[in-house]
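To start, the structure under review is shown below, and the notes come after it.
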Amino acid sequence: MFQKARIKLTVWYLIIIMLVSIAFSLVIYLGINGELGRFERLQGLRLQREQQLMLPVPPPPEIHGLDLEAIAAARTRLTIILIFINLGIFVAAGFAGYFLAGRTLRPIKEMLDEQNRFITDASHELRTPLTSLKTSIEVNLRNKNLTINQAKNLIQSNLEDVEYLRVLSDGLLRLAYYQEPNGNMLFEKVSLKEIAENAVDKVRALALDNKIKINSKIENLEIHCDKKSLTELLVILLDNAIKYGKQNSSVKINTLKEDGKVIISVSDNGIGIDEKDLPHIFDRFYRAEKSRSKENVSGYGLGLSIAKKIVELHNGLISVKSEKGKGTTFTVTL
Ligand code: ADP
């Protein structure tokens, strides 16, 4: 499909370039041809005048003839040169057009590839719970001796699968929402303290459940950002810090201003991230093996991809430092 579009665009480039080139050639041809005609007329007049003056030795008629031949030859040469120039332009424009069409279409191709990858990943993630849901319903429907208690257990388990799917599709929708060119951002001046406190409030219940204390050191800074998404970003980082934190430990959220930049860090004393996982944690659906196996740690590997997208939309940077078994610190620079 990309190749077809590239060739189509090349043809359009060629048509435009050739139209301009042929128009130029015509102007040049008509201009030079006009000059040659004028020269021809002047020659005729000169001859007439010389004959009228009845020069003692009239000029030989071949002179007149020779001039006409030379003019005709010049015209032919001009036509051939212009045809060759146009052929050269056609070939050069063909190559240049093909190259430029490739460059023009590359971002569109990358966007389409990304969209396809997104759809494939999403379908893959959705298919597993859907298949398990379908199988369990089918198996139990075939069971003629199904008791009320078993049916209730089945519905309970199905409900959990449905909840999993709901949260997963919510995550996918959030990611798609931020995938828009400007990410639906609404930039305004807001208090970072307010945003951070809001985010902490949202994860307080989870922290309490996990017996984790949240320590915040937030400066009263004004920041130009999209309030909703920045709150979401901090919730993702705090949520992870709690999920992967150790019981009775603490999670820290700090903000500071340095060289005109706002730095927000979220750190925990949790399980840490293996070195081999670090380059992948911002990838969609990536989950370190340990997180998959850690009991009660729910997740779909979407949080950090959403976080990264939000930071990018703010022209910021997100980085991570982690030591296995000791803890992790995420730093956002805006
Ligand atoms: P998930 O829904 O699995 O938490 P994320 O995209 O938020 O998805 O995180 C991706 C992976 O990065 C997690 O599965 C986990 O392995 C790792 N991770 C993220 N934050 C932390 C953290 N604070 N401590 C340890 N591992 C983390």
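The values are calculated or read from the model by the stated rules, or taken from the named source; none is laboratory data. None of the values given here were measured: they were computed from a predicted structure. Cβ: placed from backbone, ideal geometry, glycine included. Neighbour counts: every protein chain shown. Heads up: the accessible areas ignore ligands, DNA and RNA and are worked out on the full protein's heavy atoms, side chains in. Shrake-Rupley method; radii C 1.70, N 1.55, O 1.52, S 1.80 Å.
Taking D274 as the residue in question, decide whether it is within 16 Å of the ligand (Cβ to nearest atom), buried (at least 21 other Cβ atoms within 10 Å of the Cβ), farther than 28 Å from L112 by Cα and among the acidic types (D, E). Please lay out each step first, then the result.
Numbers: within 16 Å of the ligand (Cβ to nearest atom): yes; buried (at least 21 other Cβ atoms within 10 Å of the Cβ): no; farther than 28 Å from L112 by Cα: yes; among the acidic types (D, E): yes.
Answer is no for this residue.
Could you tell me whether H280 is more than 7 Å from the ligand (Cβ to nearest atom) and in contact with a Cys (Cβ under 8 Å, 6 or more places away or on another chain)? Write out each step before concluding.
Numbers: more than 7 Å from the ligand (Cβ to nearest atom): yes; in contact with a Cys (Cβ under 8 Å, 6 or more places away or on another chain): no.
No, not satisfied.
Looking at this structure, is K246 open to solvent by 70 Å² or more (accessible area, probe 1.4 Å), under 17 Å from R174 (Cα atoms), at pLDDT below 95 and more than 10 Å from the ligand (Cβ to nearest atom)?
Taking the combined requirement at face value, the residue does not satisfy it.
Would you be able to say whether some residue in the stretch 201-210 is surrounded by fewer than 12 Cβ atoms within 10 Å (Cβ to Cβ) and of a type in the set (A, V, I, L, M, F, W, C)?
Yes: one or more hits.
Just the residues that are open to solvent by 20 Å² or more (accessible area, probe 1.4 Å), more than 10 Å from the ligand (Cβ to nearest atom), part of a loop (DSSP other than H, G, I, E, B) and at negative phi, please, taken from the stretch 298-333.
Result: H314, K326.
Taking the condition of being within 34 Å of the chain's Cα centre (by Cα) and within 13 Å of the ligand (Cβ to nearest atom), how many residues in the stretch 200-233 meet it?
Residues in the stretch 200-233 being within 34 Å of the chain's Cα centre (by Cα) and within 13 Å of the ligand (Cβ to nearest atom): 3 in total.
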